[in-house]
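The structure appears right after this line, and notes come after that.
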Amino acid sequence: MWHLAVPQMEREVMGKEKEREKFGSRIGFILVSAGCAIGIGNVWKFPYLCGQYGGAAFILLYLVFLVILGIPVMICEFSIGRRAQHSAALAFETLEPKGSRWHNLKWISIIGCYMLMMYYTTVCGWMLDYFVRQLSGEFVGASPDTIVGGFNEMLGNPLEMSFWTILVCVIGFVICFFGVQNGVERITKWMMLALLVLMVILAVHSVFLKNAGAGIKFYLVPDFASLAQKGWGNVVYAAMSQAFFTLSIGIGAMLIFGSYLGKDRSLTGEAVTVTALDTAVALMAGFIIIPACFAFGIQPDAGPSLIFITIPNLFSQMPGGQLWGGLFFVFLSFAALSTVIAVFENIIAFDMDLFGWSRKKSVVVSAVLVILLSMPCVLGYNVWSSFQPVGQGTSVLDLEDFIVSNNLLPLGSLAFVLFCTRKRGWGYEGFVAEANAGEGMKFPGHFRAYMTYGLPIVILIIYFKGYWDKFSPMGAGTLAAWLAFASALVIFIFFCAFSRKKKAVS
């Protein structure tokens, strides 16, 4: 029986539940969680994928994979957090059966949150830098070559890059210093509301531009001929991976917000609401970018080149582009900062849980540490530009992103799902009971087999396919070596999940 496996530590934590900080409102929890999920990937990747892979047909596949892949993992994180009343640093210890090794997997979340901020703070700094540049009129009437040169000049200036990165860290940690309700919830709530308003204004302006209709057609009208040309397998994988990576699941970033949540609402409905907000922002980003690109004859791209080259080039040609460009980069800055604040809160909670530190001490130590750890990414574009760790033309950022996106996010998600579904872990009954506690949508009862066997297989497919896509162009030997490394990491996950210490008491 599941209740016999509840460890002593969980019962002790349950008694201390009132001492933990809580969100002040349900809307605060939803907007903070959505702010964590909403990031630059919603803007610089989703619209491009949607346009390239059949428009509305891709969106339909994407929504299906959100339901069967993204949302279940998010519910696992929320449930573990709310039951454990701790961050990922202590959640496994709190809920694991005596003698198990699940607690070793906490390092996926700890390393993942730190590693993510080691480059995300730099990219967020680019957004703030370009907001100032756009408002100053630097790009008004600028040629495409001038805009490209401006971006490369920024990357090549370590002092400028350091300034904006440190500013992002200071802003994020100062907000977290004031606590969950007075800092994280209060600021993120207003930031997200402002983001949603700006998004609507920019989208309405974009779709009413002259010749924007062709962009709307490209973005939304299903193009099954394009799907067949690109291959259904590639389209399905693109939709599956985007649905997985868009929600910031796998490194405990969502788990912490479950620990700040009361028992009055069930977690399935909350996860659906958070996912719906994230999806709405991704779709609206497409309405902002794609029609405008078509209106001015600019080919929409993906990644940093879209945001820092294509978009400034677009606004340089647009009447009132200085204002509209400034608003666009405010929108991007809010999207990036909401993620930074959410992950900083995780990092602070790690220190508070592991070392018993006060919030003030955790903020100060974490701020210094994150600033120092962010410097390799900054220097990777200038002083250390000769260091190309994962292939020709790559940088420190690419290495850090590879570690997080290709490894820690899928491996962490696999760990959370196994923990919630295996008898040697928390157990499916305990997971469902926690997910269904409170009013609202309940977790589907017929999902047990899929959660136990199907979902881990899907996550492993995403994980190994990511390695295949990245390293197969480098030759069979390189691919085999990296796949062996990937397999070793998966074996470690299963070892922690299924093995027990020899002296464990049954």
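Quick check, is Ala271 surrounded by 24 or more Cβ atoms within 10 Å (Cβ to Cβ) and either of a type in the set (D, E, K, R) or closer than 15 Å to Leu49 by Cβ (or both)? Spell out the reasoning first.
Numbers: surrounded by 24 or more Cβ atoms within 10 Å (Cβ to Cβ): yes; either of a type in the set (D, E, K, R) or closer than 15 Å to Leu49 by Cβ (or both): no.
It is false that Ala271 is surrounded by 24 or more Cβ atoms within 10 Å (Cβ to Cβ) and either of a type in the set (D, E, K, R) or closer than 15 Å to Leu49 by Cβ (or both).
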Q: Looking only at segment 166-186, count how many residues are surrounded by 20 or more Cβ atoms within 10 Å (Cβ to Cβ) and either within 19 Å of the chain's Cα centre (by Cα) or of a type in the set (D, E, K, R) (or both).
A: 7
Q. Taking segment 459-486, which residues are closer than 23 Å to Gly70 by Cα and not basic (Lys, Arg)?
A. Ile459, Leu460, Ile461, Ile462, Tyr463, Phe464, Gly466, Tyr467, Trp468, Asp469, Ala486
(Q) Under 6 Å between Cβ atoms, which residue pairs at least 6 apart in sequence (or on different chains) link something in segment 127-143 that is closer than 24 Å to Leu337 by Cα and of a type in the set (Asp, Glu) with a partner that is modelled with pLDDT of 90 or more and assigned to a helix (DSSP H, G or I)? (A) Asp129/Trp164
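Tell me the helices (runs of 4 or more DSSP H) entirely within segment 402-495 that contain at least 2 residues that are of a type in the set (A, V, I, L, M) and more than 27 Å from Gly99 (Cβ to Cβ).
Result: 455-471.
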Q. How many of the residues making up segment 80-103 are part of a loop (DSSP other than H, G, I, E, B), more than 15 Å from Gly412 (Cα to Cα) and within 25 Å of the chain's Cα centre (by Cα)?
A. 2
Q. Between residues in segment 454-470 that are closer than 21 Å to Gly391 by Cβ and residues that are among the polar types (S, T, N, Q), which pairs lie under 7 Å by C-beta distance while being six or more apart or on different chains?
A. Ile462/Ser241; Gly466/Asn406; Tyr467/Asn406; Lys470/Asn406
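Here is a yes/no grid of residues against (1) in a helix (DSSP H, G or I); (2) closer than 30 Å to Ala271 by Cβ; (3) among the small types (Gly, Ala, Ser):
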site	(1), (2), (3)
Lys189	yes, yes, no
Val200	yes, yes, no
Asn211	no, no, no
Leu247	no, yes, no
Q: Would you be able to tell me the number of residues in segment 213-234 that are in contact with a Gly (Cβ under 7 Å, 6 or more places away or on another chain) and outside any helix (DSSP H, G or I)?
A: 3
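Here is a check on your reading of the model: is Val235 at pLDDT below 90, over 27 Å from Ile30 (Cβ atoms) and crowded, with 20+ Cβ neighbours inside 10 Å? Write out each step before concluding.
On the way: at pLDDT below 90: yes; over 27 Å from Ile30 (Cβ atoms): yes; crowded, with 20+ Cβ neighbours inside 10 Å: yes.
Here the answer is yes, as Val235 does meet what is asked.
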Q. Of Gly445, Gly440, which residue is on the phi > 0 side of the Ramachandran plot, surrounded by fewer than 18 Cβ atoms within 10 Å (Cβ to Cβ), over 24 Å from the mean Cα position of the chain (by Cα) and not β-branched (Val, Ile, Thr)?
A. Gly440
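Among the residues of segment 376-397, which ones are assigned to a helix (DSSP H, G or I), hydrophobic (A, V, I, L, M, F, W, C) and either buried (at least 19 other Cβ atoms within 10 Å of the Cβ) or free of Cβ contacts under 8 Å to residues at least 12 places away in the same chain (or both)?
Our first condition is that a residue be assigned to a helix (DSSP H, G or I); within segment 376-397, this holds for 376-379, 396-397.
From what's left, hydrophobic (A, V, I, L, M, F, W, C): 377-379, 396-397.
Cys377, Val378, Val396, Leu397, listed by residue number.
The values are calculated or read from the model by the stated rules, or taken from the named source; none is laboratory data. Note that the coordinates shown come from a computational prediction; the quantities given were computed from them, not determined experimentally. Methodologically, a virtual Cβ is constructed for each residue, glycine included, from the backbone with ideal geometry; neighbour enumeration extends over all protein chains shown.
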